[in-house]
1. Mind listing whichever residues of the range 46-78 are touching a Ser or Thr at 6+ places or on another chain (Cβ under 7 Å) and either among the hydroxyl-bearing types (Ser, Thr, Tyr) or closer than 18 Å to Glu32 by Cβ (or both)?
2. From the set of residues in the range 53-68 that are of a type in the set (D, E, K, R) and surrounded by 14 or more Cβ atoms within 10 Å (Cβ to Cβ), which is modelled with the lowest pLDDT?
3. Among the residues of the range 142-150, are any over 30 Å from Asp257 (Cβ atoms), crowded, with 17+ Cβ neighbours inside 10 Å, touching a strand residue (DSSP E or B) at 6+ places or on another chain (Cβ under 8 Å) and free of Cβ contacts under 8 Å to residues at least 60 places away in the same chain?
4. Can you tell me which residues in the range 250-292 are modelled with pLDDT under 85 and among the small types (Gly, Ala, Ser)?
5. Checking Lys201 against (1) closer than 23 Å to Met33 by Cβ; (2) outside any loop (DSSP other than H, G, I, E, B); (3) in contact with a helix residue (DSSP H, G or I) (Cβ under 7 Å, 6 or more places away or on another chain), which test does it fail?
6. Can you pull out the residues in the range 22-65 that are in contact with a helix residue (DSSP H, G or I) (Cβ under 7 Å, 6 or more places away or on another chain), in a helix (DSSP H, G or I) and among the acidic types (Asp, Glu)?
7. Looking at Glu274, Glu255, Glu221, Glu215 in this structure, which one is loosely packed, with under 13 Cβ neighbours inside 10 Å, assigned to a helix (DSSP H, G or I) and not basic (Lys, Arg)?
8. Of the numbered conditions (1) at pLDDT below 95; (2) not in a loop (DSSP other than H, G, I, E, B), Phe93 fails exactly one; give the number of that condition.
Amino acid sequence: MKITGVTIIKNAIINDYPIVEAIESILPVVDEMIVSIGDSEDETIELIKSIHSPKIKIVHSVWDKNIRTEGRILAVETNKALAHVSEDTDWIFYIQGDEAIHEKYHKGILNASEKYLHNKKIEGLLFNYLHFYGTYDYVGDSRKWYNVETRIIRNNCGILSYRDAQGFRKNNQKINVAKIDAFVYHYGWVKSPERMKIKQKSVVEFWNDNDASVEGFRQTENYFNFKEFDALKKFSGTHPEVMKKRIAQKNWHIELDISKKKMKFKYRVLYWIEKLIGVRLFTFKNHKVVIR
């Protein structure tokens with residue numbers, strides 16, 4: 001069985017992406033790691049080269065500046081990276097530049113990949129999600145945060161990244177997945193208020209093709225207000241080992257009042273139903289769970 005890791009990255013230093021940690025978090029699981037580096041304005045190439053692993057294969061890409069709607073460029077770049085995966089690869093492990101996998105899940109991921117290797121009905125493996133917010137101590141606790149997504153897909157069967165690269169589709173149809181006991185730790189919303197706004201101003205052009213709107217956003221205040229959230233809860237677990245250094249270097253402090261859930265009535269009802277039965281109803285999905 002061969003597993004190839006895939007990720008894309010651009011301006012990792014400017015936007016403070018934990019891309020090194022993301023890559024290192026899956027290196028023990030993959031046989032090869034393809035890193036597609038976009039035309040960056042910082043030392044992203046040197047940063048990736050600082051990861052001393054023979055598994056890493058760097059490829060280069062120029063991002064199309066004309067694709068500026070709803071994050072579509074992220075799927076385009078992901079698909080370009082997928083094209084570099086060799087035919088002898090069985091599974092592709094896709095990870096984004098602000099995600100990480102806890103080492104406690106490595107064995108289970110490998111076991112699941114082996115278990116479903118010859119079951120062609122299974123086209124992907126579905127992971128649970130933890131979305132950290134503000135600091136490493138809070139996680140999203142509402143329907144605003146997607147709770148599952150596919151991060152391992154079968155190779156050589158026409159599966160492609162979809163929309164803003166959150167998930168995958170095959171011939172524009174949902175793929176069949178098996179849900180596994182593993183979490184993706186998403187750190188995209190963990191930065192200082194200043195660094196968070198820098199990132200938002202940097203990537204806004206990937207989501208909006210209105211030049212005036214983009215420029216207007218870039219003229220707003222230089223800090224992000226983390227107090228505008230609907231529902232959070234305290235995180236009581238441990239972080240992946242690869243994140244320990246970054247966590248220790250955190251130089252900002254945010255205290256958030258998480259005692260109240262600020263949701264509309266219908267979302268509050270759906271929230272409590274989910275807590276009661278463990279199933280999220282009426283939500284967007286890129287997949288069909290055929291094995292839980």
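1. Matches in the range 46-78: Val59, Ser61, Thr78.
2. Here the answer is Arg68.
3. No, every residue in the range 142-150 fails to be over 30 Å from Asp257 (Cβ atoms), crowded, with 17+ Cβ neighbours inside 10 Å, touching a strand residue (DSSP E or B) at 6+ places or on another chain (Cβ under 8 Å) and free of Cβ contacts under 8 Å to residues at least 60 places away in the same chain.
4. Result: Gly278, single match.
5. The single condition Lys201 does not satisfy is (1).
6. Glu24
7. Glu215
8. (1)
The values are calculated or read from the model by the stated rules, or taken from the named source; none is laboratory data. Everything numeric in this text was worked out from a predicted model, so none of it was measured. A quick note on method: Cβ atoms are made from the backbone with ideal geometry, for glycine too, and the neighbour counts reach across all protein chains shown.
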